[in-house]
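Just so it is clear, none of the values below were taken in a lab; they were calculated from the coordinates. Predicted, not measured: the structure shown is a model, and the values here were computed from it. Don't worry about glycine lacking a Cβ; one is built from the backbone with ideal geometry, like all the others, and counts go over all protein chains shown.
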Amino acid sequence: MSDTRQATLSPTQRAGSRKVFIKTYGCQMNVYDSQRMGDALAGGGYVTTEAMEEADLVLLNTCHIREKAAEKIYSELGRIRVMKAERAAAGKDLRVAVAGCVAQAEGREIIARAPVVDLVIGPQTYHRLPQALSRVEKGERVVETDYAVEDKFEHLPKAGKREIGARGVTAFLTVQEGCDKFCTFCVVPYTRGAEVSRPLAQILDEARRLADAGVREATLLGQNVNAWHGEDAGGRPIGLGGLLHALAEIPGLDRLRYTTSHPRDMDDELIAAHRDLPQLMPYLHLPVQSGSDAILKAMNRRHTGEDYLRLIERIRAARPDIALSGDFIVGFPGESEADFEATMRLVEAVGYASAFSFKYSPRPGTPGAELAGHVDEAVKSERLARLQELLRRQQLAFSESLVGQKLSVLVEKPGRRPGQIVGRSPYLQPVVMDENAGSVGDVVTVEIAGAVANSLIALGASDARSALTGGPVAA
Ligand code: SAM
Ligand code: SF4
């Protein structure tokens, strides 16, 4: 969740005259946004490059969720400043743009702190990127962080079949943006704005284009994806469950996923979709953050630990093989040892297949940052280590429980070694297989022969074992 990713490039994006290097920080929504910014820039004559040194434009798509994520941007800008000075000495130009949530949160301050930056652009105005860059080219320093009145998605150019195809057989599709929940630790409502759902017809159109271009698995994205709401063709109100039903009818779209969900928005329609739709993969990322009711209240999550456990029971009753994933924050202000132990007990009670866990990072402007009782960093580190050890054991136990089972796997790409291919299990784990198991884009059934923490090895791919690192092989 806090990794740094390269935006996937499209052939059209490689076919212009000026070059843009896009570096993506943070969540899947930023990966999707980087691709769409690449599409918008292709219209303005830019091609994408994977080498920063050959770029005419460097664009950092940033994340503000934790302090570390935001600080990374300023260290990167320090390196870019040196590069820009070298270029200038050689009589050449380099433009620098900062997009994403740091851009939205810090706006003009970014240019004050890092004068190397020419353009600051927030997540709601990416469709205006080419125009903003023409202003930069005329010598202006541009800050575009107003929330656009027009619908960004209506104005962003649509990627063509070749561009989509080049990105692979899985794709992200943003269906919802922003958040109205105001959890006291979180910057999202301030950086991404109010909760907005894209209309059903617009989503179905994008999903059909993905399927036509060979995408087999779509992951619906939203900061609060299960708050999505819209109307069906007859004007009746529907939620995410209804949207998933509509998407399941698109030929070729064999697998559907969605992330990230809030427990309060898991309604009956959505739970029933897990029971009724074979396309909906049995894997759910449902963050709880803490197991302590006092901390959940202070976080403004508006549910208790017990509510969460009852919800998991209902979801498991609908789809018994569902694997669960979550997010946890340790060391929120006021968290006592007893509160932390309540989190450990909740984790034991649920049994996660995977999870993300973080030390609380006070974010300027959020209510949490103003609370009394900030927890010592050393205590946060010690609690995080205990929690991660428990989550690691649960993840390994889950992977090992799949050994000997037959799983359906979507073949994604060649493996790291000759003779291997790699695909995704229904539970989002990479599966290493023998190349004869199928071709890219096929959904194949393979028997699992071994497991490490988050990778599986299929029967017939025994050489694959040596390619896997990070722990003992269970077989
Ligand atoms: N909407 C999702 C939800 O309600 O759980 C979460 C989206 S947030 C972008 C991703 C994760 O980052 C959160 O679930 C939380 O665990 C973590 N996070 C957010 N703010 C944080 C902070 N101030 N310090 C540490 N972790 C944080
Ligand atoms: Fe942030 Fe998620 Fe809470 Fe919204 S629901 S404020 S995105 S943690």
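Semi-axes of the equivalent ellipsoid for region 189-232, computed as √(5λ) from the eigenvalues of its C-alpha gyration tensor and ordered from largest down, come to 23, 13, 9 Å. If you model region 233-314 as an ellipsoid using its alpha carbon gyration tensor, with each semi-axis the square root of five times an eigenvalue, the axes come out at 28, 14, 10 Å, biggest first. Set the Förster distance to 45 Å, then compute FRET efficiency between GLU435 and LEU204 from the Cβ-Cβ distance, nearest 0.05. For GLU435 and LEU204, the calculated efficiency is 0.80.
Full extension of the chain between SER75 and ASP321 yields a length gain of 84.2 nm, computed as 0.36 nm times the residue separation minus the alpha carbon distance. Got the relative contact order for region 198-276 handy, in percent, Cα pairs under 8 Å and 6 or more residues apart? Relative contact order comes out at 38 percent. With the highest mean first, a sort of the peptides 275-285, 290-300 on other beta-carbon atoms found within 10 angstrom per residue produces 290-300, 275-285. Region 147-214 and region 385-410 have Cα centres spaced 31 Å apart. Beta bridges assigned by DSSP with both partners in region 201-269 are antiparallel in approximately 40 percent of cases. Sequence-distant contacts, meaning Cα pairs under 8 Å at least 6 residues apart, place the relative contact order of the chain at 9 percent. Only Cα pairs under 8 Å and 6+ residues apart enter the sum, and on that basis the relative contact order of region 74-214 stands at 19 percent. Helical content alone sets the calculated 222 nm signal of the chain at -10500 deg cm²/dmol, taking -39,500 (n - 2.57) per DSSP H segment of four or more residues and averaging over every residue.
Using the Stokes-Einstein relation with a Kirkwood hydrodynamic radius computed over Cα pairs, the translational diffusion coefficient of region 374-461 at 25 °C and a viscosity of 0.890 mPa s comes to 174 µm²/s. Taken over the chain, the convex hull of the Cα atoms encloses 151 Å³ per residue.
Expressed per residue, the C-alpha convex hull volume of region 32-91 stands at 93 Å³.
With the convex hull of its Cα atoms as the shape, region 220-277 has an orientation-averaged projected area of 4.1 nm².
Taking every alpha-carbon pair within region 110-186, the share separated by more than 16 Å comes to 67 percent. For GLU154 and ASP267, a Förster radius of 30 Å and the Cβ-Cβ distance give a FRET efficiency of 0.60, rounded to the nearest 0.05. Reported to the nearest whole Å, the Cα centre-to-centre distance from region 276-309 to region 92-131 is 35.
Sorting the segments 150-159, 371-380, 23-32 by their residues' average number of neighbouring beta-carbon atoms within 10 angstrom, most packed first, yields 23-32, 150-159, 371-380. Under the shape rule built on the C-alpha gyration tensor, where the axes satisfy a ≥ b ≥ c, region 280-321 is prolate, since a/c reaches at least 1.5 and a/b is greater than b/c. Taking each of LYS84/LYS359; LYS84/LYS161; LYS84/LYS380; LYS23/LYS158; LYS84/LYS413 in turn, the alpha-carbon distance tops 31 angstrom for LYS84/LYS359; LYS84/LYS161; LYS84/LYS380; LYS84/LYS413. The eigenvalues of the Cα gyration tensor, multiplied by 5 and square-rooted, give region 72-214 an equivalent ellipsoid with semi-axes of 30, 21, 14 Å from largest to smallest. When the scattering of region 15-146 is computed by the Debye formula from its Cα atoms alone, each counted once and equally, what is log10 I(q)/I(0) at q = 0.16 Å⁻¹? Log10 I(q)/I(0), no solvent term: -0.73. In terms of surrounding Cβ atoms within a 10 Å radius of their Cβ, CYS63, CYS186 rank from fewest to most as CYS186, CYS63.
Across region 180-267, counting alpha-carbon atoms alone, Rg and Dmax equal 13.9, 42 Å. Quick one: if the Förster radius is 51 Å, what FRET efficiency do LYS138 and SER336 give, using the C-beta to C-beta distance and rounding to 0.05? My answer for the efficiency is 0.35. Annotation: cysteines of the chain without a disulfide-compatible partner (Cβ-Cβ under 4.7 angstrom) are CYS27, CYS63, CYS101, CYS179.
Residues of region 299-316 with an amide N closer than 11 Å to a point placed 7 Å from the Cα of ALA349 along the Cα-to-Cβ direction: 304-313.
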